[in-house]
1. When the residues of region 279-324 are filtered to those that are under 12 Å from residue 231 (Cα atoms) and assigned to a loop (DSSP other than H, G, I, E, B), which remaining residue is farthest from ligand 1 (Cβ to nearest atom)?
2. Restricting to region 511-549, what's the tally of residues that are assigned to a loop (DSSP other than H, G, I, E, B) and either within 21 Å of the chain's Cα centre (by Cα) or at negative phi (or both)?
3. With in contact (Cβ under 8 Å) with a residue 60 or more places away in the chain and either over 18 Å from residue 286 (Cα atoms) or in a strand (DSSP E or B) (or both) as the only criterion, which of 245, 212 stands out?
4. Hey, among the residues in region 372-397 that are part of a loop (DSSP other than H, G, I, E, B) and away from ligand 2 (no atom under 16 Å from the Cβ), which one's most open to solvent (accessible area, probe 1.4 Å)?
5. With respect to residue 361, is the statement that it is under 22 Å from residue 593 (Cα atoms), in contact with a Ser or Thr (Cβ under 9 Å, 6 or more places away or on another chain) and open to solvent by 30 Å² or more (accessible area, probe 1.4 Å) true?
6. Can you find a residue that is within 10 Å of ligand 1 (Cβ to nearest atom) and part of a helix (DSSP H, G or I) anywhere in region 325-336?
7. Pick out, from region 1-104, the strands (runs of 3 or more DSSP E) lying fully within it that include 3 or more residues that are of a type outside the set (A, V, I, L, M, F, W, C), under 22 Å from residue 150 (Cα atoms) and open to solvent by less than 60 Å² (accessible area, probe 1.4 Å).
8. If residue 460 meets every condition in (1) in a helix (DSSP H, G or I); (2) of a type in the set (Lys, Arg); (3) closer than 30 Å to residue 150 by Cβ apart from one, which number is that one?
Amino acid sequence: MEYDAPMARPDPHSVTDDAQPRTRHLEWDARVDFGSKTLTATATLHFHAAAPVAGPLDLDTRGLTISRVTDLSGATLSFELGKEDPILGAPLRVNLPAGTTGVKLEYRTASDASALQWLEPAQTHGGKQPYLFSQCQAIHARSLVPCQDTPARRISYRASLDVPQGLVAVMGAAPRTSSTTTARTTFHFEMPQVIPPYLLAFAVGDLASKDLSPRSRVWSEPGLLDAAAWEFADVERHLAAAESLFGEYDWERFDLLVMPPSFPYGGMENPRLTFLTPTLLAGDRSMVNVVAHELAHSWTGNLVTNVNAEHFWLNEGFTVFAERRILEVLEGQEVAELHAALGRNDVDDAIARFTRAGTPELTCLRTKLEGIDPDEAFSVVPYEKGYLLLRALEGAAGRTRFDELLQSWLQAHRFGAVTTDDFLAHFEQHAPGLLAKVDALEWIDQPGIPANAPRAHSARLDALQKFKGQVPESSDASAWSPTEWQLYLEGSHGKLNADQLATLDARFSLSKAKNTEVHVGWLLLALSCGVTSVVPQVEAFVGKFGRMKYLKPLFTALHARADTKAGAKALFEKNRERMHPIAKQVIAGLLAK
Ligand code: BES
Ligand code: ZN
């Protein structure tokens, strides 16, 4: 039953083949075993249409042990599991007879599945129960479920998670009934909207929830719940602002889950249940732009999805643009501009790094990622350069016209997957000549930031300039927001001596800042000025939080200095067992350079 299908792959990070049947629905039943750190599961993939002829079905897997494959009537199907590729995992080929409408796979996940982190009770807030969570973006869903692991294939799903009694399971899906026996509880879920596999998401732990609005509640460990509910109390205002800008919210609920400290991202836009780092619990609602960002993905990313990681800017650049529009509604133009200024600093730094590393091509918006791990290619470039291109287009078209374009783009590709060519075609068709006006192709296919990039403007931004490399008086900075502090701290890199830093800290207690952006900003400033007395504080922070946005620059700064290089390696070794698998790999790669 072998035949050589013409290879047509929509995604360089997936074996998915356009000539083969398309998965459109998944039934997934998994038993969670904390002892062996494995899931024992069955996955049933239902096809869009019956396979017209006999032939292969290629699926992505990573570290899976497949015990049996059948068709939907239970008849055994033959399969071969290929060799593990370090980036892509192992291709699984199932041989389908003509007319097959789906396949059922029985399997077990690896104890080091890249999508999962298994936490000991000591790594949680409560300290009593273990915790497990998934993170599938970009290409980790395959370590949980054998699937066509590409955003080019959307699926609906139904799932059940069988967990030890006393633990609660949540998913980025609608909860259905649960049933309990003496030792175990089974939680049922249903996801009616079609999603790309990277949005499959769940968590298991000692979880409780509190309502924030009729369509939003926050989940966390019980001990953090009040703080979480306070920090995110404004979520309904975010939803209302976003709906006024981008159209009706399509996912029914917008719930939040505050993750354990090792969560490697600031947030993850899992549908119906955004995952958030606990570093957002600053006690002053100063980091809710991350909530605005993940909410914005409900339109830009989850509704209209990049077809693969080479077009990641269509997810993140659009989302940063949408995030700052929401922020503008909620907090005013000045605040949005300050965030844009921070973003500009970050992207300039990132571009300088890629250029030094000899990979300037990774600073194009449209990238070529064949053979490159998306986790390694990840940077702020698609976020902030993408944002700037959209700002340039908004400036050239005028806001009203640009808003119409944005809405028509979202409307045209709802629940679809898009390429950069789709973007170019849509904008050219609906606003002829606009792309040429801003030289969009230079933005898209050339490295760096074009000279015509828009610049952030704000009086508060101008007022900060004169303090760069100076120590402000208490009266100068008493009203600075955390964002202004970040701008000041970044702007002073390498410009202060040890005495000045001591005065600065004595005046403003930056080393004790509860806002982690400010705290980490302070640590990075001190390291940039050669003040290594902060190293114990760096070690304490790295021992606590796993957010890669902080780990990467902190480890890079330590690794870059002769007198802290060995310490950076030792710090990594000390923490690696407790680190998230993605963070572990990224930091190991950084220290090997
Ligand atoms: N979807 C991303 C996180 C992500 C990207 C995970 C790629 C895995 C692979 C999320 O929406 C995000 O961008 N988070 C940011 C938030 C920020 C830009 C406000 C983060 O984690 O810092
Ligand atoms: Zn994002």
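1. Residue satisfying both the conditions and the ranking: 283.
2. Here is the first cut: in region 511-549, the ones assigned to a loop (DSSP other than H, G, I, E, B) are 513-515, 529-531, 545-547.
Going one step further and asking which of them are either within 21 Å of the chain's Cα centre (by Cα) or at negative phi (or both), we end up with 513-515, 529, 531, 545-547.
Within region 511-549, residues that are assigned to a loop (DSSP other than H, G, I, E, B) and either within 21 Å of the chain's Cα centre (by Cα) or at negative phi (or both) number 8.
3. None of the others qualify; the one that does is 245.
4. Going residue by residue through region 372-397, those that are part of a loop (DSSP other than H, G, I, E, B) are 372-373, 378-380.
Of the ones still in play, those that are also away from ligand 2 (no atom under 16 Å from the Cβ) are 372-373.
Details: 372: 55, 373: 19 Å².
By that ranking, first place goes to 372.
5. Details: under 22 Å from residue 593 (Cα atoms): yes; in contact with a Ser or Thr (Cβ under 9 Å, 6 or more places away or on another chain): yes; open to solvent by 30 Å² or more (accessible area, probe 1.4 Å): yes.
Yes; evaluated as a whole, the condition is true for this residue.
6. Going residue by residue through region 325-336, those that are within 10 Å of ligand 1 (Cβ to nearest atom) are none.
Within region 325-336 (the criterion being within 10 Å of ligand 1 (Cβ to nearest atom) and part of a helix (DSSP H, G or I)), the answer is no, since none of the residues qualifies.
7. Numbers: elements: 23-33, 38-47, 55-61, 65-71, 79-81, 90-96.
Where strands (runs of 3 or more DSSP E) fall fully within region 1-104 and carry at least 3 residues being of a type outside the set (A, V, I, L, M, F, W, C), under 22 Å from residue 150 (Cα atoms) and open to solvent by less than 60 Å² (accessible area, probe 1.4 Å), they are 23-33, 38-47, 55-61.
8. Here residue 460 clears every test but (3).
The values are calculated or read from the model by the stated rules, or taken from the named source; none is laboratory data. Quick caveat: nothing in here was measured; it's all calculated off a predicted structure. All Cβ positions, even for glycine, are placed from backbone atoms using ideal geometry, and neighbour counts span all protein chains on display. Remember, those area values only see protein heavy atoms, side chains included, never the ligands or the DNA or RNA. Shrake-Rupley method; radii C 1.70, N 1.55, O 1.52, S 1.80 Å.
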